[in-house]
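J.: Could you have a look at this structure, given as C-alpha cells, before my questions?
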Amino acid sequence: MTLLEPTRHRGPYEGMVLKILRDEGPTSRTRLSAITGLSPTTITKTVAPLIELGLLTERADEYGGLGRPAISLVPVPEALTVAGVQLGVGKYRVGLTDARSQVRSRIVSTFDPSLPAEEVMNLIAADVRSLLTADSGPACIGIGVGAPGPVDLARRTNIRSVNLGWSDVPISDLLEDRLGIPVVVDHNVRSLALGEARYGGHDAESLAYLYVRTGVGLGVAVKGEPFYGGHGTGGESYIGHTRVVEDGRPCSCGARGCLDTVVSEPSIAARLAELGDPLPPDANVMSEMRARARRDPAVAELEDTVIDQLVRSMAIIVNLFTPELLLVGGSLSSAPAEVIARLREGTRERIFPLLRDSLRVEPADGSDDALIRGAAAIALEVLHYS
Ligand SMILES: [Zn+2]
C-alpha cells in the first residue's frame with residue numbers, strides 16, 4: 001500500500017535543483033553551484049535531505065587523471081509517486097506514476113456526464129484510493145488533474161466546462177477534502193502538451209498539441225515551458241471558438257460558425273447523420289468519414305471541408321508559436337494515415353517557407369497512459385520541480 005507523503009518542509013531551492021538534474025542528467029555539486037549561482041554550501045544543504053529521502057543518489061564518475069573521482073548527483077525517479085487524473089466528458093483516467101511520469105497502474109472509468117461534480121469527485125477519489133491501496137511504491141506527493149475547460153490562475157478551480165455543464169468547480173478543494181494530499185488542476189490539453197514536452201521523448205524544444213474531440217483545444221509548450229495567456233483565467237487557448245464560417249451553425253459557446261462546429265466529433269457525426277447514415281456508437285469519426293468518403297462524394301466533400309479547416313488552424317498555430325512539432329490528438333490520434341498525411345502536407349503548404357522543412361506533424365499518443373502522463377506532469381511541475 002502506498003501511503004500519502006506526510007507534509008514536509010521543502011527547502012527553497014529543492015525544485016530548482018531537481019529540475020536541473022531532470023533536464024541535464026547527473027551533475028556534480030560544483031556544476032550545480034555554477035548553474036544556479038548558489039554557494040556550494042547552499043547546494044550541499046539543499047541536496048542532503050534529497051539524498052536522505054532517496055530522491056537523489058551519488059555516483060563516483062570515472063576519472064582519468066589523478067586525485068579523487070568527481071561525484072555526480074543522480075535523480076531517482078522511482079523514489080516518489082504522483083497520481084494523474086485526466087478528466088473527460090463522461091470518462092476519466094486515473095493512474096500512478098513516478099517522477100518521470102511513467103505510468104505503472106491505471107483505472108479507466110466512465111461516468112454519467114449529467115452527474116453533479118461532487119459525485120464525480122467521489123468516484124475519482126475512490127479510484128485513486130484503490131490504486132494507492134494496491135500499490136507498493138513510495139509515498140504519493142499529490143495529484144494532478146487535467147480538467148476539460150478553463151481553470152483559475154491558482155490552478156485549483158475548473159471555471160467552466162461547457163460539455164459537462166460545470167461552472168466554478170473547486171476540483172482541488174473537493175479532492176483534497178476526500179484524499180488529504182495536495183491537488184493541482186490545469187487545462188487538459190495544456191497538461192497533454194506539458195506531458196509530451198517533458199516526458200514524451202520527442203526531440204523538440206517547442207511543441208503544440210491540438211486536441212479534437214467534443215471540442216477543439218490547444219496546448220503549447222515553448223522551450224519546454226507551458227504557455228499561459230491572460231484575461232484573468234488560466235490563459236487557455238480558445239482556438240475552437242474562432243469563427244471560421246460566417247453565419248455558420250450554432251456553437252455551444254453561444255456564437256455561430258466556430259471551428260468546433262465544423263471539426264469536432266459531434267459536429268462531424270451530425271453531418272454524417274444528415275447525409276443519410278448515423279455513426280455506430282464508439283466509431284472512430286475520422287476513420288468512418290474516410291471509409292464513407294470513398295464511396296459517397298457528399299461525404300468526400302465534408303471530409304475536404306474538415307481537413308481544410310483543420311489545416312488553416314494548424315498553419316496559424318505553427319506560424320504563431322513556431323513549434324518544431326505539432327501533435328494532433330483526440331480523434332486525430334487514430335485517424336487514418338492518409339488523413340494525417342493531408343494534414344501534414346496542407347499545413348506545410350500554408351506556413352512560412354522557412355519553417356516547412358523542419359516542422360513535424362504527428363498523431364499524438366492517444367493511449368490512456370499518455371493522457372495520465374499529462375495529468376501527472378502538472379502535479380510534478382508544481383509539487384516537485386518548482
Ligand atoms: Zn464557439
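The values are calculated or read from the model by the stated rules, or taken from the named source; none is laboratory data. Owing to the predicted nature of the structure, the values given are computational and were not obtained by experimental measurement. Here the Cβ positions follow ideal geometry from the backbone for every residue, glycine too, while neighbour counts run over all protein chains shown. Protein only, heavy atoms only, side chains kept; ligands, DNA and RNA dropped before computing areas. Shrake-Rupley method; radii C 1.70, N 1.55, O 1.52, S 1.80 Å.
J.: Could you give the angle, 0 to 90 degrees to the nearest 10, between helix 297-321's Cα long axis and the longest principal axis of the Cα atoms of the chain?
T.: Rounded to the nearest ten degrees, it is 40.
J.: About its Cα centre, how strong a charge dipole does region 1-101 have in debye, to the nearest 20, once Lys and Arg get +1 and Asp and Glu get -1 at the Cβ? Intermediate values should be presented prior to the final figure.
T.: Values: 12 positive and 10 negative charges, 54 e Å.
The calculation lands at about 260 debye.
J.: Follow-up question, since we're still on this one. Can you tell me which of ASP247, ASP186, ASP173 moves the most in a GNM of the chain? Springs connect C-alpha atoms under 10 Å apart.
T.: Among ASP247, ASP186, ASP173, the largest mean-square fluctuation in the Gaussian network model of the chain belongs to ASP247.
J.: Tell me which of SER167, LEU218, ALA117 sits at the most positive position along the dipole axis of the chain, charges placed on C-beta atoms (Lys, Arg +1; Asp, Glu -1).
T.: LEU218
J.: When the Kirkwood hydrodynamic radius is evaluated over all pairs of different C-alpha atoms of region 158-222, what value in angstrom, to one decimal, is obtained? Walk me through the numbers on the way to the answer.
T.: Details: mean 1/r = 0.0740 Å⁻¹.
One decimal place: 13.5 Å for the Kirkwood radius.
J.: Would you pull out the residues with amide H under 5 Å of VAL145's amide H, same chain only if 5 or more places away, H placed 1.01 Å from N?
T.: VAL85, VAL184, VAL185, ASP186
J.: While we're here: Could you work out, for region 60-141, what percent of all Cα-Cα pairs fall into each 5 Å distance bin, beginning at 0 Å and stopping at the bin that holds the largest distance?
T.: Final binned percentages: 3, 13, 20, 15, 11, 9, 7, 5, 5, 4, 4, 2, 1, 1, 0.
J.: What does the charge count around LEU32 come to, taking other residues whose C-beta lies under 13 Å from its C-beta (Lys +1, Arg +1, Asp -1, Glu -1)?
T.: Values: positive: LYS19, ARG22, ARG29, ARG31, LYS45; negative: GLU14, ASP23, GLU24, GLU58.
Taking every Cβ under 13 Å from that of LEU32, the sum is +1.
J.: So what are the ³J(HN,Hα) numbers for region 348-361, from phi and the Karplus equation (6.51, -1.76, 1.60; θ = phi - 60°), rounded to whole Hz, Gly and Pro as x?
T.: 4, 4, 8, 8, 4, x, 4, 8, 4, 6, 8, 6, 10, 10
J.: Now for a different question. Pulled fully out, how much extra length does the chain show between GLU349 and VAL222, if you take 0.36 nm times their separation in residues and subtract their Cα-Cα distance? Please list the in-between numbers first.
T.: On the way: separation 127, 0.36 × 127 = 45.72 nm, distance 2.29 nm.
Once the chain is fully extended between GLU349 and VAL222, it gains 43.4 nm.
J.: For LYS223, list the aspartates and glutamates whose Cα falls under 13 Å from its own Cα; do not include residues on the same chain fewer than 8 positions away.
T.: Reachable aspartates and glutamates: ASP23, GLU196, ASP203, GLU205, GLU324.
J.: Would you list, by chain and number, the lysines whose Cα falls below 19 Å from the Cα of LYS45, excluding same-chain residues fewer than 8 positions away?
T.: In chain and number order, the partners are LYS19.
J.: Which whole-number percent of Cα pairs in region 10-133 have a distance greater than 20 Å? The partial results should precede the final answer.
T.: Details: 4313 of 7626 pairs.
Across region 10-133, Cα pairs with separations above 20 Å total 57 percent.
J.: Using the Karplus equation 6.51 cos²θ - 1.76 cosθ + 1.60 (θ = phi - 60°), what ³J(HN,Hα) coupling, rounded to whole Hz, does each residue of region 192-209 give in order, writing x for Gly and Pro?
T.: With the stated coefficients, region 192-209 comes to 5, 4, 5, x, 5, 5, 7, 10, x, x, 7, 8, 9, 5, 10, 9, 10, 10 Hz.
J.: Starting from 0 in steps of 5 Å, tell me what percent of the Cα-Cα pairs of region 69-111 lands in each bin.
T.: 6, 21, 21, 15, 12, 9, 6, 4, 3, 2, 1, 0
J.: Relative to the Cα centre, what is the charge dipole magnitude of region 203-364, using +1 at the beta carbon of each Lys and Arg, -1 at the beta carbon of each Asp and Glu, and rounding to the nearest 20 debye? Working shown, then result.
T.: On the way: 17 positive and 23 negative charges, 27 e Å.
Dipole magnitude for region 203-364 comes out near 140 debye.
J.: For the chain, what is the convex hull volume of the alpha-carbon atoms per residue, in Å³?
T.: Values: hull volume 62.4 nm³, N = 386.
Residue-normalised Cα hull volume stands at 162 Å³.
J.: Ok, one more. What is the distance in Å between the Cα centres of region 164-179 and region 301-359?
T.: With region 164-179 and region 301-359 each reduced to a Cα centre, they are spaced 35 Å.
J.: Just want to confirm a number: the relative contact order over the chain, from Cα pairs under 8 angstrom separated by 6+ residues, in percent.
T.: 17 percent.
J.: Another one. So for region 203-364, averaging the separation of alpha carbon pairs under 8 Å that are six or more residues apart and normalising by length, what relative contact order in percent results? If you can, show how the numbers build up before the last one.
T.: On the way: 262 pairs, mean separation 39.7, N = 162.
Normalised by residue count, the contact order of region 203-364 is 24 percent.
J.: Moving on to the next point. Can you compute log10 of I(q)/I(0) for region 98-208 with the Debye formula, treating each Cα as one identical point scatterer, at q = 0.10, 0.16, 0.21 Å⁻¹?
T.: Scattering profile of region 98-208, log10 relative to I(0): -0.32, -0.83, -1.30.
J.: Let me ask another. Based on the Kirkwood radius over alpha-carbon pairs, what value in µm²/s does the Stokes-Einstein equation return for the translational diffusion coefficient of region 274-357 at 37 °C and 0.692 mPa s?
T.: 237
J.: Evaluate the charge dipole of the chain about its Cα centre and quote only its size in Debye, nearest 20, assuming +1 on the Cβ of each Lys and Arg and -1 on the Cβ of each Asp and Glu. All intermediate terms of the calculation are to be shown ahead of the outcome.
T.: Details: 39 positive and 49 negative charges, 134 e Å.
The dipole of the chain has a size of about 640 debye.
J.: What percentages make up the Cα-Cα pair-distance distribution of region 106-147 when the bins are 5 Å wide from 0?
T.: Going out from 0 Å in 5 Å bins, region 106-147 shows 5, 17, 29, 25, 14, 7, 3, 0 percent.
J.: Just to confirm the number: angle between the C-alpha axis of helix 265-274 and the first principal axis of the chain, 0 to 90 degrees, nearest 10?
T.: The answer is roughly 20 degrees.
J.: Please give the length that would be gained between GLU338 and ASP308 if that part of the chain were fully extended, namely 0.36 nm times their separation in residues minus their C-alpha to C-alpha distance (nm, one decimal). Write down the numbers at each step before the final one.
T.: Working: separation 30, 0.36 × 30 = 10.80 nm, distance 1.40 nm.
Extra length available between GLU338 and ASP308 comes to 9.4 nm.
J.: Would you calculate the convex hull of the Cα atoms in region 203-364 and tell me its volume per residue in Å³? Walk me through the intermediate numbers first.
T.: On the way: hull volume 20.1 nm³, N = 162.
Hull volume normalised by residue count: 124 Å³.
J.: Please give me the summed charge of the neighbours of ARG256: other residues whose Cβ is under 15 Å from its Cβ, Lys and Arg +1, Asp and Glu -1. If you can, show how the numbers build up before the last one.
T.: Numbers: positive: ARG243, ARG249; negative: GLU246, ASP247, ASP260.
Around ARG256, the charge tally is -1.
J.: Oh, and also: Given springs between every Cα pair under 10 Å in a Gaussian network model of the chain, which of ALA376, ALA221, ALA34 has the largest fluctuation?
T.: Among ALA376, ALA221, ALA34, the largest GNM mean-square fluctuation belongs to ALA34.
J.: Let me ask something else. Kirkwood hydrodynamic radius, region 14-75, all distinct C-alpha pairs: what's the number in Å?
T.: Working: mean 1/r = 0.0845 Å⁻¹.
In region 14-75 this quantity evaluates to 11.8 Å.
J.: Within the accessible area of region 203-364, what % is carbon and sulfur when the probe is 1.4 Å and the other protein chains stay in place? Write out the running numbers ahead of the final one.
T.: Working: 3950 of 7630 Å².
Percent of accessible area from carbon and sulfur atoms in region 203-364: 52.
J.: Applying the Karplus parametrisation 6.51 cos²θ - 1.76 cosθ + 1.60 with θ = phi - 60° to the phi angles of region 279-288, what ³J(HN,Hα) value in whole Hz is obtained for each residue in order, glycine and proline being reported as x?
T.: Here the 3J(HN,Hα) series is 6, x, x, 6, 6, 7, 4, 5, 5, 5 Hz.
J.: What relative contact order, as a whole-number percentage, does region 149-255 give when Cα pairs under 8 Å and 6 or more residues apart are counted? Let's see the in-between values first.
T.: On the way: 172 pairs, mean separation 24.3, N = 107.
Value for region 149-255: 23 percent.
J.: Further question on the same structure: Find which of LEU87, PHE227, ILE316 sits farthest along the positive direction of the dipole of the chain, computed with +1 on the beta-carbon of Lys and Arg, -1 on that of Asp and Glu, about the Cα centre.
T.: Farthest towards the positive end: PHE227.
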